[in-house]
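Comments concern the structure below.
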Amino acid sequence: MAGTLVLDKNEFKLLDQIGSGTYAKVYKAFDYKHQREVAIKCMLLDSERYGLLCVVIREINLLLELKHPNIIHLYDVIRRENEIYLIFECMNTDLYQYMIHNQRPLADIQVKVYFYQLLNGLEFCHTNKIFHRDLK
């Protein structure tokens, strides 16, 4: 796992890969400087993916503007040669992991709490003329 990142070992300790997609891998890591767990989104920017750079810049600009308790916070951006790393606030678990581990339906009140948080963050985005195109 450590071989895939160029980040300084004194800055971050990689704990686990927590996601991957077409253009990025996401790792859970420990940030030594700030003494906190973070999520690091790692993207390779090569000549075949020039359009990806434009998408990444747009994503960074949006995330830096969006300050809301129901939206994951972007802490930092690190650029190393042909790689870019987005350092995010880390959630200890997501709803999918929660459902797998508990293997029972959520209580109605808990569903309402989660939907309230989701819709509260989404409303904030829409109020700021930002439309999420990848809700799952």
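The values are calculated or read from the model by the stated rules, or taken from the named source; none is laboratory data. None of these values were measured; they are calculated from a predicted model. Cβ atoms come from the backbone with ideal geometry, glycine included; neighbour counts cover every protein chain shown.
Evaluate the following for Phe88: is it under 30 Å from Leu7 (Cβ atoms), surrounded by 13 or more Cβ atoms within 10 Å (Cβ to Cβ) and among the aromatic types (Phe, Trp, Tyr)?
yes
Return the residue satisfying two criteria in turn: it lies in segment 55-65 and is surrounded by 13 or more Cβ atoms within 10 Å (Cβ to Cβ) and at pLDDT 85 or above, and of such residues it is nearest to Gln117 (Cα to Cα).
So the residue we want is Leu63.
Scan segment 66-111 residue by residue and report those that are over 15 Å from the mean Cα position of the chain (by Cα), modelled with pLDDT of 85 or more and either closer than 21 Å to His132 by Cβ or in the same structural domain as Ser20 (by TED's automatic domain parsing) (or both).
Passing the criteria: Arg79, Glu83, Val111.
Which condition number does His68 fail, the rest of (1) exposed (fewer than 12 other Cβ atoms within 10 Å of the Cβ); (2) outside any strand (DSSP E or B) being met?
(1)
Give just the number: which of (1) in contact with a Leu (Cβ under 6 Å, 6 or more places away or on another chain); (2) surrounded by 14 or more Cβ atoms within 10 Å (Cβ to Cβ); (3) in contact (Cβ under 8 Å) with a residue 24 or more places away in the chain does Asn82 not satisfy?
Evaluating Asn82 over (1) in contact with a Leu (Cβ under 6 Å, 6 or more places away or on another chain); (2) surrounded by 14 or more Cβ atoms within 10 Å (Cβ to Cβ); (3) in contact (Cβ under 8 Å) with a residue 24 or more places away in the chain leaves (2) as the failure.
Would you be able to tell me the number of residues in segment 89-136 that are in a loop (DSSP other than H, G, I, E, B) and without any contact (Cβ under 8 Å) to a residue 60 or more places away in the chain?
16
Could you list all residues from segment 20-35 that are closer than 19 Å to Glu83 by Cα and surrounded by 13 or more Cβ atoms within 10 Å (Cβ to Cβ)? Quick ask: steps written out before the conclusion?
Start the filter on segment 20-35 by keeping residues that are closer than 19 Å to Glu83 by Cα, which leaves 20-29, 31.
Residues satisfying the conditions are Tyr23, Ala24, Lys25, Val26, Tyr27, Lys28, Ala29, Asp31.
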